[in-house]
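The values are calculated or read from the model by the stated rules, or taken from the named source; none is laboratory data. None of these values were measured; they are calculated from a predicted model. Cβ placement follows ideal geometry from the backbone for every residue including glycine, while neighbour counts extend to all protein chains displayed. Side chains are part of the model used for accessible areas, which takes the heavy atoms of the whole protein and leaves out ligands, DNA and RNA. Shrake-Rupley method; radii C 1.70, N 1.55, O 1.52, S 1.80 Å.
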Amino acid sequence: MTLRVLEDPARLAAAAAREFAARAARAIRERGRFAVALAGGSTPRAAYELLARDYVDEVDWGRVHFFFGDERPVPPDHADSNYRMAREALLSCVPAGSVHRIRGELAPEEAARRYEEELRSFFAGEEVPRFDLILLGLGEDGHTASLFPHTRALGETERLVVANPVERLGTVRITLTPPVINAARAVVFLVAGGGKAKALREVLEGSADPRQYPAKLIRPGDGEPLWLVDRAAAASLGKG
Ligand code: 6PG
């Protein structure tokens, strides 16, 4: 695990954009393509907008293949759609090689089944698909992607994508599972704001059950994940 504390959300977004571009260049150099799963929520938006504004010529976008770490059970034009946020901030601005959205308009189980099929087809021949990069956020309750505390998806060991009922939200989310996230060559968390300070300390320094703080389940190894956090989110670190 690697932790970098940035002064504020703007510097966090800039660092995230630089990481994205560097990992894209490396993957394209080594394997001819860059397969990345985007995080949803609000934190990553600024980084996506920076990529669309400042990296148009820096990244070989035609070799970038976009996926998503999770999706809400809504159509692609819905205000809550992670795909819509990414499309507005980045995907409509760059000539991506391909975009693979989770079809939130379908019944969640069907959406998860189809997405798993799409992953297996894109990563043909790999027992567990290895993304070059998975971007993740952190919820105030310690969730990441749509791996929420004490939900069924936390224990998944076979499936790559599942429909995960989240009682607290009264909904079913579609999410990548821990095995496929932990198989990634790189995982980068983006965490901003004082509201995340307690969860971040618990995930990075606490001894609570991972089922209570599911981001603890993300252990890709080889120095991953990289945590890019702002000073407000880091406020409780190292305070016992
Ligand atoms: C989602 C995300 C989720 C998000 C965290 C943090 O669909 O909402 O996948 O895991 O990353 O909830 O969200 P914010 O960045 O909005 O704080």
Requested in this report: Scan the stretch 197-216 and report the pairs whose first residue is assigned to a helix (DSSP H, G or I) and whose second residue is modelled with pLDDT under 95, with Cβ atoms within less than 6 Å and a gap of 6+ or a chain change.
Outcome: E202/A208
Report task. Considering only the stretch 60-79, state which residues are surrounded by fewer than 16 Cβ atoms within 10 Å (Cβ to Cβ), in contact (Cβ under 8 Å) with a residue 24 or more places away in the chain and assigned to a loop (DSSP other than H, G, I, E, B). Result -> P75, P76, H78
Report task. Would you check which residues across the stretch 126-147 are within 16 Å of F67 (Cβ to Cβ) and charged (D, E, K, R) and list them? Result -> E126, R130, D132
Query raised in the report: In this structure, does A186 turn out to be in contact with a strand residue (DSSP E or B) (Cβ under 6 Å, 6 or more places away or on another chain) and more than 13 Å from the ligand (Cβ to nearest atom)?
Result: yes
**Report entry** Which numbered condition D57 misses (of (1) open to solvent by 70 Å² or more (accessible area, probe 1.4 Å); (2) touching a helix residue (DSSP H, G or I) at 6+ places or on another chain (Cβ under 8 Å))
**Finding:** (2)
Query raised in the report: How many residues are surrounded by fewer than 24 Cβ atoms within 10 Å (Cβ to Cβ) and under 18 Å from E126 (Cα atoms) if we restrict to the stretch 152-169?
Result: 4
Requested in this report: Please determine, by comparing only the residues of the stretch 114-151 that are within 15 Å of the ligand (Cβ to nearest atom) and over 14 Å from L176 (Cβ atoms), which one is surrounded by the most Cβ atoms within 10 Å (Cβ to Cβ).
Outcome: L138
Query - Qualifying positions in the stretch 1-23 - of a type in the set (G, A, S) and more than 15 Å from L226 (Cβ to Cβ) - result: A10
Query raised in the report: On the given criteria, is V99 modelled with pLDDT of 95 or more, among the β-branched types (V, I, T) and open to solvent by 60 Å² or more (accessible area, probe 1.4 Å)?
Result: yes
Query raised in the report: Does T157 fit the bill of being away from the ligand (no atom under 15 Å from the Cβ) and among the hydroxyl-bearing types (S, T, Y)?
Result: yes
**Report entry** Flag for V172 being in contact (Cβ under 8 Å) with a residue 12 or more places away in the chain, over 27 Å from A21 (Cα atoms), of a type in the set (V, I, T) and open to solvent by 40 Å² or more (accessible area, probe 1.4 Å)
**Finding:** yes
**Report entry** Enumeration of residues in the stretch 33-54 that are open to solvent by 30 Å² or more (accessible area, probe 1.4 Å) and either assigned to a loop (DSSP other than H, G, I, E, B) or more than 19 Å from R11 (Cα to Cα) (or both)
**Finding:** R33, G41, S42, T43
